[in-house]
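J.: Once you've had a glance at the structure underneath, I'll fire off some questions.
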Amino acid sequence: MANSKYAYVRNFELPDPLLPGTYMLFRLDGHSFHRFSDKHEFTKPNDVRALQLMDHAAKDVMEEYTDIVLAFGESDEYSFLLRKSTTLYNRRESKIVSTLTSLFTSCYVFHWPKYFPDRPILYPPSFDGRIVLYPTEKHVRDYFAWRQADTHINNLYNTTFWALVQQGGETTTEAHATLKVKTYYPTSVRL
């Protein structure tokens, strides 16, 4: 479009630079992954192949973008910490989010046959991405502590839930009801 009468349309693109001197935390999450995992018959509560595939895609992203210094994965979610000093794509939010999300998704699909050689992919998965800025190291530590605590709680719940279904013979509705009573109204609490 350079040097043409139509070049003016570029003026409608809005700049979206991220605040300098802050930590960029890029988090992606599987979109409708309950359905995706059901359709592809993932082992419950934790399909090792699916977790290894997520790790492989995350590793590929980290190898491509060396400004990523830390990654943490849980289920269908991954968090990536970029250096505070990064100038990746001039810190343009939309460019970073779209490129990292696209690369992760592409790697996930590309490596699918390695982890699921006996199960063809039925439809493409999708992931959404976002960036959150944190001003200090304490905020970054607290973010990862939050993700770790959430992972622990979710894993305990899911492990117990699927034990009730697979070994205890409860329906999924019954298992949710059992855990709701136990989780929110422990016997030691008097109402």
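The values are calculated or read from the model by the stated rules, or taken from the named source; none is laboratory data. All of these numbers come straight from a predicted model, not from anything done at the bench. Note that each Cβ is placed from the backbone with ideal geometry, even for glycine, and that neighbours are counted across all protein chains shown.
J.: Is there a residue being over 22 Å from His40 (Cβ atoms), of a type in the set (Phe, Trp, Tyr) and surrounded by 13 or more Cβ atoms within 10 Å (Cβ to Cβ) anywhere in the range 102-115?
T.: There is no residue in the range 102-115 that is over 22 Å from His40 (Cβ atoms), of a type in the set (Phe, Trp, Tyr) and surrounded by 13 or more Cβ atoms within 10 Å (Cβ to Cβ).
J.: Separate question: Has the range 15-28 got any residue that is assigned to a loop (DSSP other than H, G, I, E, B), of a type in the set (Ser, Thr, Tyr) and exposed (fewer than 14 other Cβ atoms within 10 Å of the Cβ)?
T.: For the range 15-28, residues assigned to a loop (DSSP other than H, G, I, E, B), of a type in the set (Ser, Thr, Tyr) and exposed (fewer than 14 other Cβ atoms within 10 Å of the Cβ): absent.
J.: Assigned to a strand (DSSP E or B) and closer than 24 Å to Tyr143 by Cα, is that true of Ser79?
T.: Considered against the rule, which asks whether it is assigned to a strand (DSSP E or B) and closer than 24 Å to Tyr143 by Cα, Ser79 comes out as yes.
J.: Identify all residues within the range 82-101 that are over 30 Å from Lys44 (Cβ atoms) and surrounded by 15 or more Cβ atoms within 10 Å (Cβ to Cβ); write none if there are none.
T.: Residues satisfying the conditions are Leu82, Lys84, Thr86, Leu88, Tyr89, Arg91, Arg92, Glu93, Ile96, Val97, Thr99.
J.: Related question: Give the number of residues within the range 82-98 that are over 26 Å from Gln148 (Cα atoms), of a type in the set (S, T, N, Q) and part of a helix (DSSP H, G or I).
T.: The qualifying residues number 2.
J.: Is the range 57-68 home to any residue that is polar (S, T, N, Q) and in contact (Cβ under 8 Å) with a residue 12 or more places away in the chain?
T.: no
J.: Any residue in the range 35-51 that is under 19 Å from Arg130 (Cβ atoms), at pLDDT 95 or above and buried (at least 18 other Cβ atoms within 10 Å of the Cβ)?
T.: Within the range 35-51, not a single residue is under 19 Å from Arg130 (Cβ atoms), at pLDDT 95 or above and buried (at least 18 other Cβ atoms within 10 Å of the Cβ).
J.: Which members of the range 116-130 meet the condition of being among the acidic types (Asp, Glu) and more than 18 Å from His40 (Cα to Cα)?
T.: If the condition is that a residue be among the acidic types (Asp, Glu) and more than 18 Å from His40 (Cα to Cα), then Asp128 is the only one that fits.
J.: Could I ask something else about it? Counting only residues that are out of contact with any strand residue (DSSP E or B) (no Cβ under 7 Å at 6 or more places or on another chain) and of a type in the set (Phe, Trp, Tyr), how many does the range 119-134 have?
T.: Qualifying residue count, the range 119-134: 1.
J.: Continuing with the same structure: Anything in the range 133-149 that is within 16 Å of Glu74 (Cβ to Cβ) and surrounded by 13 or more Cβ atoms within 10 Å (Cβ to Cβ)? List them, or say none.
T.: Tyr143, Phe144, Arg147
J.: Please work out which one of (1) part of a strand (DSSP E or B); (2) under 15 Å from the mean Cα position of the chain (by Cα) is the condition Leu133 fails and give its number.
T.: For Leu133, the failing item is (2).
J.: Hey, Tyr78 hits all of (1) touching a residue at least 24 places away in the same chain (Cβ under 8 Å); (2) more than 26 Å from Leu156 (Cα to Cα) but one; which does it fall short on?
T.: Of (1) touching a residue at least 24 places away in the same chain (Cβ under 8 Å); (2) more than 26 Å from Leu156 (Cα to Cα), only one is false for Tyr78: (2).
J.: Could you grab me the full set of residues in the range 55-76 that are under 21 Å from Val140 (Cα atoms), among the hydrophobic types (A, V, I, L, M, F, W, C) and assigned to a helix (DSSP H, G or I)?
T.: The answer is Ala58, Val61, Met62.
J.: Right, here's the next one. May I ask you to say which residue of His111, His31 is under 14 Å from the mean Cα position of the chain (by Cα) and at pLDDT 95 or above?
T.: Within the list His111, His31, the selection yields His31.
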